[in-house]
Amino acid sequence: MAYLLVSFYCTFIALGAFLFGYDIGVISSSIAVPDFQRTFPDLSDAVTGGIVSSYTGGAIIGSAVVSFISDVYGRKMAVAVGAFLAAFGAALQGGAVTLAMLIIGRVIAGFAVGLMSATIPNYCMEVAPKEIRALLGSTQQWMIGVGINVAQWVGYGCSLYAGSFSWRFPLSFQVCPALIMLFGIPFLPESPRWLIENNKNDAARAILSRLHLKKDGSNKAVVEQEYVQISEAIAAERRTSVRSWYQLFFTRPSWRRRILLACGIQAFTQCSGTNVILYFGPRIYSALGFSSSVSLMIPGVWGALAVFWNTLFMLFIDRVGRRKLLIPSMLGMGAVLCVEATLANYFDPATSHNGPALRAAISMFFLFSLFFTSLGLISWVYPAEVFPNAIRARGTSISTFTNWSLNLVFAQCAPIGLSRLGYRFFYCFTAFNWVAAALVWAFYPETVGRSLEEVAEVFGDLDLLPNDRASTNSTEPSWQSVSEEAKHDIFI
């Protein structure tokens, strides 16, 4: 029963990630329809990149300031502010009559998603049991995939109509999930770890009971053990409390290492090439010789398959180590893009009529979605789980800032890269993926199967461990003293 309850909470709050994915999918189809181009003429590569990247620019700012809201007012407040701004920004985009109005709306909506994309993984990590922590943490990526898929089909369907409806409705549709979030957030529980961090112990204990306790109260002792473990870990962290960004980076080498690892995996996601394919998919498909209608339909099929892969991988992500999923994912993406570039080199759509070669080129993008799945899911899980509670909001803020910053770089530069480099542009991403695989193999430790408090042991922070892990002489009740059956029962 508790598994279902906490899964519902995490899925609902991940609607913020739906907005992220929806924008990725909808903007590519919106800027491709004729009425949009008539409303906003002279869409050069630089202007197109600016329209796309203005959203990302807002997200960069949102991810940079999110810790000032999340740490002070709680995870729920950060998401609620994001939901309100997302609705406002979407309304501006849908009603835009000038390019400036469109861009302002995208900046506001991007700021909102920056807030939510840095907070949602934290919330899911902090309310989820370790047995399904990665499953619930990866709901962010799953919702991104759902958002992309919905946007691509909405964009394709609306592109069949003439007039401004073809792009105004897809952009305005973002208001709906944002308002659903805004009105639903008050009914979600706050993160118990944030409550304990802010000395709201009674509320934290009540929420832990709400999340994990059986109706007959038979698991009360086990819930108390979890409360003790979290409290002890936070008490240990307070002895090394962070009072400035300088302390975060320079007072504790293990924290600096965690920041580098978290930022690194977010950078790997952007450098994989996935967002270039998503943002400019119709343009790539047109370059391969397909009609405008088919070029808009293919991403819809691609997105549906991506949702299927996400769902499948989520079922065993907590059973397989992070490294075992990441390394094959990166090697596979590099190989697929290498084949894609080679096909584009030898079978130029402008001169070649080799149907099988063109179909093979398209199939590489579908194969890419399979290999990207592991990285996409873990890129939101790993940064949120490696940080201790004292710096989790700041740490994920920095890692998400890295994600959005590189997203901006590729969104702005991809049109130019595709125009000037052509097929060679994809060789760059081949190299990025293969280098990323080597870095994961060399530097990334495994975190699967550990609670958020126990992850400190992986990084050598024994002084931040709960008493029962840091000292065998502790007189406090220990989590390890609870039987495995009782631990399992807590989440039934």
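The values are calculated or read from the model by the stated rules, or taken from the named source; none is laboratory data. Keep in mind the model is a prediction, meaning the values are calculated, not measured. In this analysis, Cβ positions are derived from the backbone assuming ideal geometry, glycine residues included, and neighbour counts consider all displayed protein chains.
Hey, does segment 75-88 have a residue that's farther than 30 Å from V386 by Cα, free of Cβ contacts under 8 Å to residues at least 60 places away in the same chain and surrounded by fewer than 24 Cβ atoms within 10 Å (Cβ to Cβ)? The answer is yes; a qualifying residue exists.
Conditions tested, residue by residue: (1) touching a residue at least 60 places away in the same chain (Cβ under 8 Å); (2) surrounded by fewer than 24 Cβ atoms within 10 Å (Cβ to Cβ).
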{"site": "L99", "(1), (2)": "no, yes"}
{"site": "A134", "(1), (2)": "yes, no"}
{"site": "M143", "(1), (2)": "yes, no"}
{"site": "W153", "(1), (2)": "yes, yes"}
{"site": "F169", "(1), (2)": "yes, yes"}
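A single member of S405, S374 is within 29 Å of S44 (Cα to Cα), under 19 Å from the mean Cα position of the chain (by Cα) and of a type in the set (G, A, S), and it is S405.
For segment 184-225, taking the residues that are in contact with a Phe, Trp or Tyr (Cβ under 6 Å, 6 or more places away or on another chain) and among the aliphatic types (A, V, I, L, M), the one that is modelled with the highest pLDDT is identified as L188. Might you check whether a residue that is in contact with a Ser or Thr (Cβ under 6 Å, 6 or more places away or on another chain), part of a helix (DSSP H, G or I), surrounded by fewer than 24 Cβ atoms within 10 Å (Cβ to Cβ) and touching a residue at least 24 places away in the same chain (Cβ under 8 Å) occurs anywhere in segment 3-22? Yes: segment 3-22 contains one or more residues that are in contact with a Ser or Thr (Cβ under 6 Å, 6 or more places away or on another chain), part of a helix (DSSP H, G or I), surrounded by fewer than 24 Cβ atoms within 10 Å (Cβ to Cβ) and touching a residue at least 24 places away in the same chain (Cβ under 8 Å). The residue that is modelled with the lowest pLDDT, counting only those in segment 75-131 that are under 17 Å from I144 (Cα atoms) and aromatic (F, W, Y), is Y123. Meeting the requirement of 3 or more residues that are closer than 30 Å to I31 by Cα and modelled with pLDDT under 80, the helices (runs of 4 or more DSSP H) wholly within segment 238-306 are 274-279, 281-287. Are any residues in segment 406-437 in contact with a Phe, Trp or Tyr (Cβ under 9 Å, 6 or more places away or on another chain) and of a type in the set (K, R), and if so, which ones? Passing the criteria: none in range.
Yes or no, residue by residue, for (1) free of Cβ contacts under 8 Å to residues at least 40 places away in the same chain; (2) buried (at least 18 other Cβ atoms within 10 Å of the Cβ):
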{"residue": "I317", "(1), (2)": "no, yes"}
{"residue": "K324", "(1), (2)": "yes, no"}
{"residue": "V336", "(1), (2)": "yes, yes"}
{"residue": "F372", "(1), (2)": "no, yes"}
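Across segment 36-67, the qualifying residues are those that are in a helix (DSSP H, G or I) and out of contact with any helix residue (DSSP H, G or I) (no Cβ under 9 Å at 6 or more places or on another chain), and the one among them that is modelled with the lowest pLDDT is Q37. Within segment 403-425, can one find any residue that is in a helix (DSSP H, G or I), at pLDDT 90 or above and not acidic (D, E)? Within segment 403-425, none of the residues are in a helix (DSSP H, G or I), at pLDDT 90 or above and not acidic (D, E). The residue pairs whose first member lies in segment 412-433 and is under 16 Å from F365 (Cα atoms), whose second member is of a type in the set (S, T, N, Q) and surrounded by 18 or more Cβ atoms within 10 Å (Cβ to Cβ), and whose beta carbons are closer than 8 Å, counting only pairs six or more residues apart or on different chains, are F429/S272; N433/S272. Looking across segment 35-64, the residues that are on the phi < 0 side of the Ramachandran plot, over 17 Å from the mean Cα position of the chain (by Cα) and without any contact (Cβ under 8 Å) to a residue 60 or more places away in the chain come down to Q37, R38, P41, L43, S44, V47, I51, S54. In segment 23-34, how many residues are more than 21 Å from the chain's Cα centre (by Cα) and either surrounded by 19 or more Cβ atoms within 10 Å (Cβ to Cβ) or among the small types (G, A, S) (or both)? The number of residues fulfilling the criteria is 5.
Does I180 satisfy the condition of being of a type in the set (V, I, T), under 30 Å from T311 (Cβ atoms) and surrounded by 20 or more Cβ atoms within 10 Å (Cβ to Cβ)? No: the conditions fail for I180. Inspect segment 341-361 for any residue being at pLDDT 75 or above and among the acidic types (D, E) and give the result as yes or no. For segment 341-361, residues at pLDDT 75 or above and among the acidic types (D, E): absent. I'd like the full set of residues that are farther than 27 Å from T373 by Cα and buried (at least 19 other Cβ atoms within 10 Å of the Cβ), limited to segment 155-167. C158, S159, S166, W167, listed by residue number.
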